[in-house]
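The structure appears right after this line, and notes come after that.
The values are calculated or read from the model by the stated rules, or taken from the named source; none is laboratory data. Bear in mind the structure is a predicted one, so any value in this text is a computation, not a measurement. Reconstructed Cβ throughout: ideal geometry from the backbone, glycine too, with neighbour counts over all protein chains shown. Ligands, DNA and RNA are excluded from the accessible area calculation, which covers all protein heavy atoms including side chains. Shrake-Rupley method; radii C 1.70, N 1.55, O 1.52, S 1.80 Å.
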Amino acid sequence: MKKDVKSYVEHNKDYEGQFGIESFRKAKSEYEKGNVFEHGGFKKAVQMSGNNNLHIDIGSGGGWLLFKTSPLFEKVIGVEPSKAACNNVSVLIKEYGFNNIELINLDMIDAMKKINLQTPAFFTTVIVLSHIKNFYV
């Protein structure tokens with residue numbers, strides 16, 4: 001099956017253009033102010049999962065969810081096809097001292113092949129599925 005990359009190409013232009021590192025810092029701050037982790041139901045979902053070993057966020061974008069779950073899991077993996085987004089998030093990972101976050105710069109299909117899960121994991125996708133045509137989802 002041919003990969004649907006149209007939405008990725010359009011979305012990636014934002015990461016390569018207007019969304020520099022300062023934009024990523026600002027977004028992290030805005031998510032903190034709005035308490036999106038709790039209000040969006042993520043905190044409750046993590047608590048209900050009973051899994052604190054591994055969190056995998058498909059389409060991690062600016063990394064805000066990775067930063068929130070890092071203290072709650074032994075390991076956190078962000079899967080993001082945008083190299084520009086991964087580069088910016090890597091800077092923030094170092095700045096904020098998150099040492100259990102790994103970024104995988106691949107699409108979700110190729111990343112899952114690379115991860116080769118052998119144990120249960122807590123998955124999030126936030127809005128990534130909205131970028132993919134229903135046929136592929």
Worksheet item: So in the chain, what percent of DSSP beta bridges are antiparallel if you round to the nearest 5?
Response: 0
Worksheet entry | 12 Å beta-carbon shell around Ser82, net charge (K/R +1, D/E -1) | -3
Worksheet item: Under 5 Å between amide H atoms, partner at least 5 residues away or on a different chain: which partners does Leu106 have, H built in plane at 1.01 Å?
Response: Glu80
Discussion item. So with the 1.4 Å probe, I'd like the accessible area per residue for the chain, rounded to whole Å².
Written reply: 61
Response to the item:
Output ordering of 102-115, 79-92 (per-residue mean of other Cβ within 10 Å, highest first) is 79-92, 102-115
Worksheet item: Given the rule -39500 (n - 2.57) for each run of at least 4 DSSP H residues, summed and divided by the residues of the chain, what is its mean residue ellipticity at 222 nm, to the nearest 500 deg cm²/dmol?
Response: -13500 deg cm²/dmol
